[in-house]
Amino acid sequence: MLAIQYLVLGLIQGLTETIPVSSSGHLMIFKRLMDANIDYNTIAIMTNFGSLVAIIILFRKDIFRLIKNFFKYIKTKDSSIKSDFNYCWMIVLGCIPAGLMGLVVSKLDLFEKIENNIKVVGISLIVTAILLFIVRNFNGKKDDSKLGIKEALVVGCFQILGLFPGISRSGSTIVGGMTAGLKRDTAFKYSFMLYIPLSLAAMVLELTDISISKELILFYIAATIVAGIATFLVTKWFRRIVVKGKLIYFSIYCLLVGLLVLLFL
């Protein structure tokens, strides 16, 4: 039964990490429903790692091209790859607002009193539903080459919302990108380009919080693998949903789950 609980949590993390429904919020909901004796902080860190690996694999071609062209442009100043050079800097810029706010939140424990409050998750899911509903028909005209300082800062500021317990990071950044006039697929891709460095940084900071006993290590590994596989498959599916402009489905889902949490948990 304990093995099944770990696998369920890994699956929940994988299914919800990259879609706009808040993986942390869903882990809290299932923590309440399952009432299991599990270190949820450690399981969240481990399964987040599985999701991160999946995202890196999914976007590996873009990542390798951007890194290669970034350093190539520094050396050659080849104008044909300048857009990739600029895009890399927009990733850095887009990470700064949430990165700085994340440090402040961590140092001052700003969410200490509410981070385990299940009602906060319910309210946050409703907020996410409203944001997704507002941009449901948005489809800007700016592609990767038009991603500039203004767009990066808008998305970066929206990403701050994802620090709040229960609000989806991917949802807030995609909403920010679409609000800034980016094409749907451009907003989707940029959202996950920001996810990678921020997730890596958060993981490094959280390493000291990991505590795994020898008898449970296989359970954690299994949960991490399940999270990674689920993340890979769901993210590919989610990209198609975003491009088709079907975010309304997630808006309805978040609204319903948020209301159920407020009423029954």
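The values are calculated or read from the model by the stated rules, or taken from the named source; none is laboratory data. Only a predicted model underlies this, so the values are computations on that prediction, with no experimental measurement involved. Note: ideal-geometry Cβ built from the backbone for every residue, glycine included; neighbour counts use all protein chains shown.
Quick notes
Yes/no per residue for (1) assigned to a loop (DSSP other than H, G, I, E, B); (2) out of contact with any helix residue (DSSP H, G or I) (no Cβ under 9 Å at 6 or more places or on another chain); (3) within 30 Å of V257 (Cα to Cα):
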{"site": "F85", "(1), (2), (3)": "no, no, no"}
{"site": "L93", "(1), (2), (3)": "no, no, no"}
{"site": "V105", "(1), (2), (3)": "no, yes, yes"}
{"site": "L125", "(1), (2), (3)": "no, no, yes"}
{"site": "T128", "(1), (2), (3)": "no, no, yes"}
{"site": "P165", "(1), (2), (3)": "yes, no, yes"}
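- Residue under evaluation S170, criteria (1) part of a helix (DSSP H, G or I); (2) among the polar types (S, T, N, Q); (3) over 15 Å from the mean Cα position of the chain (by Cα); (4) within 18 Å of L247 (Cα to Cα), criterion not met: (3)
- T231 being within 18 Å of the chain's Cα centre (by Cα), closer than 19 Å to G162 by Cα and assigned to a helix (DSSP H, G or I): yes
- Residue within the stretch 107-119 that is part of a helix (DSSP H, G or I), farther than 30 Å from L256 by Cβ and either small (G, A, S) or out of contact with any Asp or Glu (no Cβ under 8 Å at 6 or more places or on another chain) (or both) present: yes
- Of all the criteria given as (1) part of a helix (DSSP H, G or I); (2) closer than 27 Å to L216 by Cα; (3) within 13 Å of the chain's Cα centre (by Cα), the one not satisfied by T18 is (1).
- The set of residues in the stretch 164-223 being of a type in the set (V, I, T) and crowded, with 23+ Cβ neighbours inside 10 Å consists of I167, T173, I174, V175.
- Checked against the criterion of being among the small types (G, A, S) and at pLDDT below 95, the stretch 183-196 contains not a single residue that satisfies it.
- Residue list for the stretch 100-115, filter: within 19 Å of the chain's Cα centre (by Cα), surrounded by fewer than 19 Cβ atoms within 10 Å (Cβ to Cβ) and not hydrophobic (A, V, I, L, M, F, W, C): S106, E115
- For beta carbons closer than 7 Å, sequence separation of 6+ or different chains, a first residue in the stretch 72-95 that is over 17 Å from D62 (Cβ atoms) and in contact (Cβ under 8 Å) with a residue 12 or more places away in the chain and a second that is of a type in the set (V, I, T) and exposed (fewer than 13 other Cβ atoms within 10 Å of the Cβ), the qualifying pairs are L93/I149.
- Residues (acidic (D, E) and touching a helix residue (DSSP H, G or I) at 6+ places or on another chain (Cβ under 8 Å)) located in the stretch 194-220: E206, D209
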